[in-house]
Amino acid sequence: MLPLLKFTTDQKEHSLQETIDALADHFQLTEDERKELLPSGRQPTFNNRVGWARTYLKKAGLVESTKRGYFRITDRGIDTIKTNPVEINAKILRQFPEFLEFQNYTQQSEESTSNGSGTEINTTRTPEEDVELAIQKLTKELASDLLQIIKNSSPAFFEKLVVDLLVKMGYGGTRKDAGKTVGRSGDGGIDGIINEDRLGLDVIYIQAKRWENSVGRPEIQKFAGALQGFRAKKGVFITTSTFTNEAKDYVSRIDSKIVLIDGEMLTQLMIENNVGVTPFTVYEVKKVDSDYFTDS
């Protein structure tokens, strides 16, 4: 927040994007650091943090909006800079009644949804980051529950699950078509061929193992040999466990294209494609529609 406020001491109007670029230069961020995204992948993390730094300064009355997308420093902001602060944080901003009111409102909102265990406003993470971290935690717990259920399921159910997932991902054409070509072996796993697209222009060979132990290179070599027997060049090996480094290295060095899906990736794909899961609660986050307030 301090570098942002110092940037505005020229008392000119500044846009948020202009400020983001200036602060990125100030912190000597690399191009990769500037492009680093929030967990949702919807916005660069740095842009988000600069935006919220501006919000906190506005709540404290140190900067003010001038027109759509622009802001400038206030007299209070200039006076604050004149005190030569080492940093600007929530503790410093609490001296201003407007920010204190904003912070108290935020804490009351948190306490009302956390049985009175609300905590002080976090200035190391933005609200979006807090929300997304919470979603990540819930998703991780969901994935763990899914994997345990899959491991306890029957071979027939595992076969159905894999077919449903592949169809949801766009493979195999219809569920009926996919079901005809997958699950032809009776060894407790799933071995078969599925269309890569609805027209059947190419096929993918599939093998799935409900294992506890890691899948090693020998199993992948057998799978690669099976691909040659089917004259197939593409394959997917799915397991509820993991793959050894030797197995991964082998896949990277052969001509056939084999995709390895371990238990973690399997559950992630299920969550992303709504297989075996259903939405529980949806929170809608809104922002100001700037176009609505544009003078015609």
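The values are calculated or read from the model by the stated rules, or taken from the named source; none is laboratory data. Here the structure is a predicted model, which means the values were calculated and not measured. FYI the Cβ positions are ideal-geometry reconstructions off the backbone, even for glycines, and counts take in every protein chain you see. Each accessible area value is taken on the protein alone, full model and side chains, heavy atoms only, with ligands, DNA and RNA left out. Shrake-Rupley method; radii C 1.70, N 1.55, O 1.52, S 1.80 Å.
Can you go through 249, 262 and tell me which one is within 24 Å of residue 154 (Cα to Cα), at pLDDT 90 or above and not β-branched (Val, Ile, Thr)?
262
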Residue under evaluation residue 193, criteria (1) open to solvent by 70 Å² or more (accessible area, probe 1.4 Å); (2) assigned to a strand (DSSP E or B); (3) among the aliphatic types (A, V, I, L, M), criterion not met: (1)
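Can you tell me which residue within segment 87-97, out of those that are under 34 Å from the mean Cα position of the chain (by Cα) and open to solvent by less than 90 Å² (accessible area, probe 1.4 Å), is nearest to residue 6 (Cα to Cα)? Quick ask: steps written out before the conclusion?
Keep residues of segment 87-97 that are under 34 Å from the mean Cα position of the chain (by Cα), which gives 87-94.
Filter once more, keeping what is open to solvent by less than 90 Å² (accessible area, probe 1.4 Å): 88-90, 92-94.
Working: 88: 11, 89: 14, 90: 17, 92: 16, 93: 15, 94: 19 Å.
Top of the filtered list is 88.
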Filtered residues of segment 252-271 (kept if part of a helix (DSSP H, G or I), open to solvent by 20 Å² or more (accessible area, probe 1.4 Å) and hydrophobic (A, V, I, L, M, F, W, C)): 265, 269, 271
Residues that are without any contact (Cβ under 8 Å) to a residue 24 or more places away in the chain, surrounded by fewer than 17 Cβ atoms within 10 Å (Cβ to Cβ) and among the polar types (S, T, N, Q), drawn from segment 47-86: 55, 65, 83, 84
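Which of the residues that make up segment 214-237 are touching a Gly at 6+ places or on another chain (Cβ under 9 Å) and either hydroxyl-bearing (Ser, Thr, Tyr) or closer than 19 Å to residue 165 by Cβ (or both)?
Hit for segment 214-237 is 223, nothing else.
Please enumerate the residues belonging to segment 124-147 that are of a type in the set (Asp, Glu) and either outside any helix (DSSP H, G or I) or without any contact (Cβ under 8 Å) to a residue 24 or more places away in the chain (or both).
Hits for segment 124-147 are 130, 141, 145.
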Residues being open to solvent by less than 70 Å² (accessible area, probe 1.4 Å) and either under 20 Å from residue 78 (Cα atoms) or not in a helix (DSSP H, G or I) (or both) - total across segment 31-46: 5
Given (1) under 19 Å from residue 162 (Cα atoms); (2) free of Cβ contacts under 8 Å to residues at least 24 places away in the same chain, number of the condition residue 204 does not satisfy: (2)
